[in-house]
Amino acid sequence: MEHFDSELLTTPRKIIKLDEKGSRETEDMIVRETTLTVYVNSKETAALVCSPRDQEYLAVGFLCAEGVLNKREDLRKVEYDAE
């Protein structure tokens, strides 16, 4: 599994904060997101928007939750291609 430095999980962005005093432009840290496309037997099964961390675990968990994988033996191989 690929592990990411926590600094790579967030990125600074200009935002507008609203409160009782009005609005102001400032900078804040937001979570980075990426699209994870899950394939089963070379067929696209799902596209998930997620953080760029532990995506192999997310894919396997998603397939279990959706009933695609029912037992460990159903999973033969996990391939990860970070483009």
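The values are calculated or read from the model by the stated rules, or taken from the named source; none is laboratory data. Remember, predicted model here, so these are calculated numbers, not experimental data. As a convention, Cβ positions derive from the backbone with ideal geometry for all residues, glycine included, and neighbour counts pool all protein chains shown.
Residues in region 6-27 that are at pLDDT below 95 and within 25 Å of the chain's Cα centre (by Cα): Ser6, Glu7, Leu8, Leu9, Thr10, Thr11, Pro12, Arg13.
Taking region 18-83 as the region of interest, the strands (runs of 3 or more DSSP E) fully inside it that hold 2 or more residues being touching a Pro at 6+ places or on another chain (Cβ under 7 Å) and of a type outside the set (Ser, Thr, Tyr) are 22-31. Applying a threshold of 6 Å to beta carbon distances and a minimum spacing of six or more residues, or different chains, the list of pairs starting in region 56-74 at a residue that is of a type in the set (Asp, Glu) and ending at one that is part of a loop (DSSP other than H, G, I, E, B) reads Glu56/Met1; Glu56/Val78; Glu56/Tyr80.
Residues checked against (1) surrounded by 13 or more Cβ atoms within 10 Å (Cβ to Cβ); (2) β-branched (Val, Ile, Thr):
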| site | (1), (2) |
| --- | --- |
| Glu20 | no, no |
| Arg24 | no, no |
| Val38 | yes, yes |
| Val49 | no, yes |
| Leu58 | yes, no |
| Asp74 | no, no |
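Applying the condition of being at pLDDT 95 or above and among the aliphatic types (A, V, I, L, M) to region 61-72 and asking which residue is surrounded by the most Cβ atoms within 10 Å (Cβ to Cβ) yields Leu63.
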